[in-house]
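The values are calculated or read from the model by the stated rules, or taken from the named source; none is laboratory data. Worth saying up front: this structure is predicted, and the values here are computed from it rather than measured. Virtual Cβ from ideal backbone geometry, glycine too; neighbours counted across all protein chains shown. Side chains are part of the model used for accessible areas, which takes the heavy atoms of the whole protein and leaves out ligands, DNA and RNA. Shrake-Rupley method; radii C 1.70, N 1.55, O 1.52, S 1.80 Å.
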Amino acid sequence: MTRKRRMFDIDMPAVDDIPIGKVPDKVLEKRRGPMAAAISENANALRDQQSTEETIRAENDRLAHELVRLRSEGLVTERVALSDVVTEKLTRDRKPGPDAELEELKESIRDIGLSNPIRLERRADGRFELIQGMRRLSAYRALHEETGDDLYAKIPAGISDGADLNDSYRRMVDENLIRKDISFAEMGALARAYAEDPANDCPEVDKAVAILFKSASYTKRSYIRAFASLLMMLDKVLMHPNEIPRNLGVDLKRKLDANPGLLRQVSNAVMSEPDRDGPREVAILRSFTEPEIPAQKKPVLASGGKTRRAKTTFQVSGRAGVAKCSASSGRIELRYDLDFTRVDRAKLEQAIATLIDELQEEDDLTHG
């Protein structure tokens, strides 16, 4: 008799290995059909997609807020139509008239574009107020007028929200303080204009200098105050104030403070030459700051009937400043901001020898 074949072989796990109240995952997988697996996978994909979309939305919101902040601070460059830029809010520190360096700037813009965008402030009427970049704006306007090219119809600019008037002035002034060509007369004129504007509630020039040029050193502010005062004294007299050197302007202001009657003499001397250029105007002003030459005694007849020449004074510019010289018969004096004791003796002797050799004798007047 053959052994009866078993119908089912069931491997029963040990009782201790069966989790109570939980169906094993493997059992669930075996029980789940293809449709259920697809639905599960689709649900997981939707959850992952939703999570990704939420992350992207959060990042976009962050970037949008950052862009708004940067734009409000003028740190995002935009192209603005020239016709939308106005210059009404601030008194400019540049004197009207031809700008010798404008052509160089225009040539640079043609070659490589504008490296440093101008700065503007938004206005309620939709236009923009210029804060920094008057020369750059002038160059773009000139290029557009000369070429008609649409490339120059809009200018790169950083646009910020409207600021307090004093803050706007400070932005303009602080940028211009690093300019090499800005004169003390220009800065003094700006301080005067600021003080004279009722909107600024600053009737004193000294206070205007302190507000506008807060970033400058105390010494530089004192020079600016001196030039502002000098321009008030010689208002409508000077034609070329921007060419007045710093030391000359400060010295002349001190002279006028010490001797008020000198003001009329200076004004008359300057206005007596209506066709003067810048260097000539400076020379006239300098004549009032130089030490007065003592009156010369009546020339004494020397042997042979020749008269002794009067003392001659003049100035020569050098690397260390201006040398003041005086020359008379048998004597020459040189005052220069240089410690001659520290100059090599051989070099000093050679310089004196060259000076003597180069001097030309006239009519054999070596001894007067």
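Could you list, in sequence order, all residues of the stretch 333-355 that are open to solvent by less than 80 Å² (accessible area, probe 1.4 Å) and free of Cβ contacts under 8 Å to residues at least 12 places away in the same chain?
Residues satisfying the conditions are 333, 339, 340, 343, 346, 348, 351, 353, 354, 355.
Considering only residues that are more than 18 Å from residue 205 (Cβ to Cβ) and not acidic (Asp, Glu), look in the stretch 243-261 and name the one that is least open to solvent (accessible area, probe 1.4 Å).
Filtering first and then ranking leaves 248.
(1) out of contact with any Asp or Glu (no Cβ under 6 Å at 6 or more places or on another chain); (2) surrounded by fewer than 17 Cβ atoms within 10 Å (Cβ to Cβ); (3) modelled with pLDDT under 90: which one isn't true of residue 141, the others all being true?
With (1) out of contact with any Asp or Glu (no Cβ under 6 Å at 6 or more places or on another chain); (2) surrounded by fewer than 17 Cβ atoms within 10 Å (Cβ to Cβ); (3) modelled with pLDDT under 90 applied to residue 141, the lone miss is (3).
Show me the strands (runs of 3 or more DSSP E) entirely contained within the stretch 249-351 in which 3 or more residues are at pLDDT below 80 and either of a type outside the set (Lys, Arg) or out of contact with any His (no Cβ under 6 Å at 6 or more places or on another chain) (or both).
Strands (runs of 3 or more DSSP E) meeting the threshold: 312-318, 321-328.
List every residue pair whose Cβ atoms sit under 8 Å apart, with the two residues 6 or more apart in sequence or on different chains, where the first one lies in the stretch 105-131 and is under 14 Å from residue 157 (Cα atoms) and open to solvent by 10 Å² or more (accessible area, probe 1.4 Å) and the second, anywhere, is part of a strand (DSSP E or B) and of a type in the set (Gly, Ala, Ser).
117/157; 117/158; 119/74; 119/157; 119/158; 119/160; 122/160; 128/157
Taking the stretch 201-234, which residues are part of a loop (DSSP other than H, G, I, E, B), under 12 Å from residue 191 (Cα atoms) and open to solvent by less than 50 Å² (accessible area, probe 1.4 Å)?
Answer for the stretch 201-234, where residues must be part of a loop (DSSP other than H, G, I, E, B), under 12 Å from residue 191 (Cα atoms) and open to solvent by less than 50 Å² (accessible area, probe 1.4 Å): 202, 213.
Kindly check whether there is at least one residue in the stretch 66-79 that is open to solvent by 50 Å² or more (accessible area, probe 1.4 Å), part of a strand (DSSP E or B), of a type outside the set (Val, Ile, Thr) and at pLDDT below 80.
Within the stretch 66-79, one or more residues are open to solvent by 50 Å² or more (accessible area, probe 1.4 Å), part of a strand (DSSP E or B), of a type outside the set (Val, Ile, Thr) and at pLDDT below 80.
Return the residue satisfying two criteria in turn: it lies in the stretch 182-192 and is touching a Lys or Arg at 6+ places or on another chain (Cβ under 9 Å) and in a helix (DSSP H, G or I), and of such residues it is surrounded by the fewest Cβ atoms within 10 Å (Cβ to Cβ).
186
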